[in-house]
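K.L.:
This is the structure I have questions about; it appears just below.
The values are calculated or read from the model by the stated rules, or taken from the named source; none is laboratory data. None of the values given here were measured: they were computed from a predicted structure. Because the Cβ atoms are built from the backbone with ideal geometry, glycine has one as well, and the counts that use them run over all protein chains shown. Note: accessible area is taken over every heavy atom of the protein model, side chains too, but ligands, DNA and RNA are not part of it. Shrake-Rupley method; radii C 1.70, N 1.55, O 1.52, S 1.80 Å.
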Amino acid sequence: MTDDRRMGPPRFGSERDMLRAFLDYHRATLAMKCEGLTDEELRERSMPPPGLSLLGLVRHMAEVERAWFRRVFEDNDAPMVWSADIDFQAAYDASASTRREAFAAWEAEVENSRRIEREAESLDRAGHQPRWGEDVSLRMVMVHVLLEYGRHNGHADLLREGVDGTVGA
């Protein structure tokens with residue numbers, strides 16, 4: 001892994017600034033865990049589930065970003081990136097994927113999510129979560145996606161360790 005250039009969250013700030021910073025920190029953590037690896041190394045699997053790889057995590061997080069920002073706040077019927085039937089597990093299969101393809105999709109979804117958050121006047125902005133059939137707030141979505149990154153970045157630690165023996169925050 002290269003030098004840690006992530007911008008840490010502020011120690012004090014508004015609720016929105018804090019959520020935005022923590023979410024961006026975890027997005028940067030996933031990118032950092034994948035930095036400097038070849039497509040083959042990114043597809044390496046460390047432990048069950050058998051389809052789990054760093055590239056699979058990047059693909060999965062593209063689906064998470066799309067499902068929780070684009071589908072909730074813009075288009076409830078927007079198709080998922082790698083699954084016609086909203087199967088989040090399908091993204092984990094990165095056996096034929098490349099860094100370029102996976103990161104392009106993930107970065108596009110991240111940028112769209114950031115735009116949605118920036119344009120919202122309030123964290124109370126409501127959107128419709130089609131899978132639940134219920135409305136949710138932007139605040140709830142940001143916290144949920146932040147927790148998704150936290151959980152999956154823990155997996156990324158283990159996967160990266162399996163590739164080159166490094167561990168870190």
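K.L.:
I'd like the full set of residues that are closer than 27 Å to Gly133 by Cβ and either open to solvent by 70 Å² or more (accessible area, probe 1.4 Å) or out of contact with any Asp or Glu (no Cβ under 8 Å at 6 or more places or on another chain) (or both), limited to the range 91-104.
P.N.:
If we filter the range 91-104 for residues that are closer than 27 Å to Gly133 by Cβ, which is where we start, we get 91-92.
Passing the criteria: only Tyr92.
K.L.:
I need the helices (runs of 4 or more DSSP H) fully contained in the range 9-111, keeping only those with at least 3 residues that are within 14 Å of the chain's Cα centre (by Cα) and at pLDDT 85 or above.
P.N.:
15-34, 54-65
K.L.:
Mind checking which pairs have a first residue in the range 69-83 that is charged (D, E, K, R) and a second that is assigned to a loop (DSSP other than H, G, I, E, B) and surrounded by 13 or more Cβ atoms within 10 Å (Cβ to Cβ), Cβ under 9 Å, 6 or more apart or different chains?
P.N.:
Close Cβ pairs (under 9 Å, with a partner that is assigned to a loop (DSSP other than H, G, I, E, B) and surrounded by 13 or more Cβ atoms within 10 Å (Cβ to Cβ)) amount to Arg70/Ala78; Arg71/Ala78; Arg71/Met80; Arg71/Ile86; Arg71/Pro130; Asp77/Pro130.
K.L.:
If you scan the range 52-76, which residues turn out to be under 17 Å from Ser137 (Cβ atoms) and open to solvent by 10 Å² or more (accessible area, probe 1.4 Å)?
P.N.:
Trp68, Arg70, Arg71, Phe73, Glu74, Asn76
K.L.:
Here's another thing I want to ask about it. Of all residues in the range 106-118 being open to solvent by less than 30 Å² (accessible area, probe 1.4 Å) and touching an Asp or Glu at 6+ places or on another chain (Cβ under 9 Å), which is farthest from Leu42 (Cα to Cα)?
P.N.:
Going residue by residue through the range 106-118, those that are open to solvent by less than 30 Å² (accessible area, probe 1.4 Å) are 106, 109-110, 112-113, 116-117.
Subset that is touching an Asp or Glu at 6+ places or on another chain (Cβ under 9 Å): 106, 109-110, 112-113, 116.
Details: Trp106: 15, Glu109: 20, Val110: 20, Asn112: 25, Ser113: 24, Ile116: 30 Å.
Result: Ile116.
K.L.:
Could you grab the pairs with beta carbons closer than 7 Å, sequence gap of 6+ or different chains, first residue in the range 141-168 and modelled with pLDDT under 90, second one open to solvent by 50 Å² or more (accessible area, probe 1.4 Å) and among the hydroxyl-bearing types (Ser, Thr, Tyr)?
P.N.:
Listed by first residue and then by second, the contacts come to Leu158/Ser46; Leu159/Ser46; Gly162/Ser46.
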